[in-house]
1. Any chance region 8-26 includes a residue that's touching a Gly at 6+ places or on another chain (Cβ under 9 Å) and under 18 Å from Leu141 (Cβ atoms)?
2. Could you tell me which numbered condition Thr56 fails, if it satisfies all but one of (1) assigned to a loop (DSSP other than H, G, I, E, B); (2) in contact with a Lys or Arg (Cβ under 9 Å, 6 or more places away or on another chain); (3) open to solvent by 60 Å² or more (accessible area, probe 1.4 Å)?
3. Since Ile87 meets every condition but one in (1) open to solvent by less than 20 Å² (accessible area, probe 1.4 Å); (2) farther than 18 Å from Phe51 by Cβ; (3) in contact with a helix residue (DSSP H, G or I) (Cβ under 7 Å, 6 or more places away or on another chain), which condition does it not meet?
4. Look through region 115-140, keep the residues that are under 22 Å from Leu44 (Cβ atoms) and surrounded by 23 or more Cβ atoms within 10 Å (Cβ to Cβ), and return whichever of them is farthest from the chain's Cα centre (by Cα).
5. Which numbered condition in (1) in a loop (DSSP other than H, G, I, E, B); (2) farther than 24 Å from Leu22 by Cβ is the only one that Ile62 fails?
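The values are calculated or read from the model by the stated rules, or taken from the named source; none is laboratory data. Note that the structure is a prediction, hence the values are computed from the model and not measured. Don't worry about glycine lacking a Cβ; one is built from the backbone with ideal geometry, like all the others, and counts go over all protein chains shown. Quick note on the areas: whole protein, heavy atoms, side chains included, nothing else; ligands and nucleic acids left out. Shrake-Rupley method; radii C 1.70, N 1.55, O 1.52, S 1.80 Å.
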Amino acid sequence: MIHSQLAQRIAAVSLLRGEFTLRSGRKSNYYLDKYRFETQPDILIELGKLFARHITPDIKRIAGPELGAVPLATAASLASSIPTIFIRNQKKEYGSNKQIEGLYNAGETVLLIEDILTTGGQVIEAAKTLEAAGLKIKKILGVIDRLEGARQNIESAGYTFDSLFTTNDLGIAPS
């Protein structure tokens, strides 16, 4: 599937129109339901291939914040053979009491994957959690940048950012 076809497929299954409040608190006349595209095997396979193109030899782990980026990080891992780790929003209070799940070593370099970015707040929190555990963030890579400040916020926080698609690529023009 070529890039433009994948963009059309993602938009076709995930774009909802109406009045929505986003995680950032912003209001929007459209919503991209990530679970609608993250549960489609054909889309995950293609996203995994695109993520794998961003793997450099120094990257030792692919990280995904819960819940939305977990299938994305897994798809990237399957396409690249790089192991994953998952970042919980909060440290769990039972069992091993971890906030980062999976095997890793301090000092390793990580590709941090996110689903849809509006302001970038959640992925910046995840990056800081990884850094607190001694990991290095090579790049934050999103599926879709809504073009509402995520790039500026992520880069201002000192991270490199890229996205596979923007809302423009999906043919979305907010009104």
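1. Within region 8-26, not a single residue is touching a Gly at 6+ places or on another chain (Cβ under 9 Å) and under 18 Å from Leu141 (Cβ atoms).
2. That leaves (3) as the condition not met.
3. Answer for Ile87: the failing condition is (2).
4. Residue satisfying both the conditions and the ranking: Ala126.
5. Ile62 satisfies every listed condition except (1).
Residue-by-condition table, conditions (1) under 18 Å from Ser81 (Cα atoms); (2) within 16 Å of the chain's Cα centre (by Cα):
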site: Ser4; (1), (2): no, no
site: Ile10; (1), (2): no, yes
site: Leu15; (1), (2): no, no
site: Asn29; (1), (2): no, no
site: Asp42; (1), (2): no, no
site: Phe51; (1), (2): yes, yes
